[in-house]
Structure formats: structure tokens, C-alpha cells
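Worksheet: the structure to be examined is printed underneath.
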Amino acid sequence: MTVAERLKEINLQIRAHEKTYGREPNSVKLLAVSKGQPIAKIEEAIANGQCLFGENYLQEALDKMSHLTNANLAWHFIGTIQRNKTRKIAEHFSWVHAVDNIHIAERLNEQRPNYLPPLNVCIEVNLDNEPQKSGVAITDILVLAKQIAALPHLTLRGLMAIPKPVDIFSEQRASYHRLTLLFERLNAEGFALDTLSAGMSHDFEAAIAEGATIVRIGTGVFGPRE
Ligand SMILES: *Cc1c(COP(=O)(O)O)cnc(C)c1O
């Protein structure tokens, strides 16, 4: 299948899932995860109307950005953020999805250039309390959210999670449901979060059923990574 065909199919599925689960039409955005994909495939996606791209590795992303200078593109950094990479991330991306500690948030805030709008940020949640995994423990979310909300060059937009991979749909939904409850709890505390970054190629239906507003899909759009 070509990228054009895959992209069309994924968009149709997203629209169908919105309808099935009573979501507003077009309330779910597709972030095409282009890590490990060649420029030619990204260009094909752009030619077919895709504007939002997600990358995990800084140098790879910067190389691609230097070739793809279309002003309508928005680049989202979705990988783990290393301390020594924050400046370039703050300078070149419009979103980061996986902030999980205040030190990284403070660096991004200080290094975000004044000529750019605030950097959009999601907090990554360690939903299943997996010790080896990145993400904030559920019990620490509220404190971190308050700290990030106080930083002027960041805008706290929402939560992101990568649940433990499971195949059973009801279990996928159960994980994302816990993320949605957290999101609602933060908004009840006075935050105005509008983003749930949830769902990948294998589980985006469950994520949409539970309220995802951004699905991050790589292989589903581009095919296997190189
Ligand atoms: C790679 C990646 C994705 C996309 O995964 P696919 O299974 O290819 O859809 C989504 N989110 C994150 C954080 C990733 O690292």
C-alpha cells in the first residue's frame, strides 16, 4: 500500500470511530509519527494533506526539518527528552508530548525563544506504574501540572500515555479510561486542558473511545520503519 492509501484509510477509520463513540466530528487529530521513515514518504504524506508530524530522535528530526520547510507543518517531539537536547527541542518544535519532570520543563521554558509562541506541553503519565518506564506516577501529576502551568513560555495542554501493550480491546479501553479520569480530575482542579495524546497504530480505536484528541500513528500511516 502507498502512503496516500494508508493515510486515507487511517483518516476514514478515525472519522468512523468518532461517530461510533459519540465524539464530535473532527475532534481527533492525526499525528503522523515519522521516526524511522524516509523523507520521500513524509513528502507523500504532505502532498496528501498531512501537516502534523511526530518525531522521537532530535538529530533525525532536525535533518528532516531542514529538507521539509513548508510553513504549514507542525513538528511534535514525542520521545524521551534528554537534558542536553532541550535547547534544540525548544527552538524547533511546537509541541512536546513526554514531559515527566520539572527540571526538563524549566529548561524548555528558559530556552524557548521569545520570538516563538509558548511551547505546547503534555505530561507523560506512567499509567501502569511500570518501574522501568518513563512518565510521572499518577500520584505526582497534580504537583507537576501546577509547576508547569506557572512557566510563562510553556502552555500545559494535556496528558500523554503509552499504556502497557495489550491485545484485548476492553483492556486497552480500561487503561485509557484511567488516563481520561486523571484528565477530568485536573480540569476539575481548575486546569483548562484540551489534549489527550493517546493511541498508536494498534490501539487508537480504544483511545478514541476514551476521549483521545491526538492519536500518534506511525506504521499505520507509513508502513514498517526502516
Ligand atoms: C513510535 C511511536 C508511536 C507510533 O507507533 P506506531 O506503532 O508505529 O503507530 C507513537 N507514540 C510514540 C511515543 C512512539 O514512540
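The values are calculated or read from the model by the stated rules, or taken from the named source; none is laboratory data. The structure presented is a predicted model; accordingly, all values stated were derived computationally and were not measured. Don't worry about glycine lacking a Cβ; one is built from the backbone with ideal geometry, like all the others, and counts go over all protein chains shown.
Structure data summary
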| quantity | calculated |
| --- | --- |
| Residue selected from segment 54-84 under the condition part of a helix (DSSP H, G or I), in contact (Cβ under 8 Å) with a residue 24 or more places away in the chain and over 24 Å from E110 (Cβ atoms), by the criterion nearest to the ligand (Cβ to nearest atom) | E60 |
| Residue list for segment 1-15, restricted to those being without any contact (Cβ under 8 Å) to a residue 40 or more places away in the chain, under 14 Å from V215 (Cα atoms) and not hydrophobic (A, V, I, L, M, F, W, C) | N11, R15 |
| Hey, Q13 within 16 Å of the ligand (Cβ to nearest atom), over 17 Å from the mean Cα position of the chain (by Cα) and polar (S, T, N, Q) or not | yes |
| Members of segment 52-62 that are closer than 17 Å to G220 by Cβ and either surrounded by fewer than 16 Cβ atoms within 10 Å (Cβ to Cβ) or of a type in the set (A, V, I, L, M, F, W, C) (or both) | L52, F53 |
| Failed criterion for P152 (all others in (1) more than 16 Å from the ligand (Cβ to nearest atom); (2) surrounded by 16 or more Cβ atoms within 10 Å (Cβ to Cβ); (3) part of a loop (DSSP other than H, G, I, E, B) hold) | (2) |
| Among residues of segment 173-226, those that are in a loop (DSSP other than H, G, I, E, B) and among the charged types (D, E, K, R), counted | 6 |
| Test: residue in segment 101-113 that is in contact (Cβ under 8 Å) with a residue 60 or more places away in the chain, on the phi < 0 side of the Ramachandran plot and either surrounded by 15 or more Cβ atoms within 10 Å (Cβ to Cβ) or in a strand (DSSP E or B) (or both) | no |
| Every residue from segment 127-144 that is crowded, with 19+ Cβ neighbours inside 10 Å and small (G, A, S) | G135 |
| Meets criteria (at pLDDT below 95, surrounded by fewer than 21 Cβ atoms within 10 Å (Cβ to Cβ) and of a type in the set (K, R)) for K164 | yes |
| G223 vs. criteria surrounded by 14 or more Cβ atoms within 10 Å (Cβ to Cβ) and within 17 Å of the chain's Cα centre (by Cα) | no |
| Residue list for segment 16-37, filter: more than 15 Å from the ligand (Cβ to nearest atom) and farther than 14 Å from A212 by Cβ | A16, K19, P25 |
| Residues being closer than 19 Å to F53 by Cα and touching a Ser or Thr at 6+ places or on another chain (Cβ under 7 Å) - total across segment 77-118 | 4 |
| Top-ranked residue in segment 170-213 [being at negative phi and within 10 Å of the ligand (Cβ to nearest atom); ranked as surrounded by the most Cβ atoms within 10 Å (Cβ to Cβ)] | A198 |
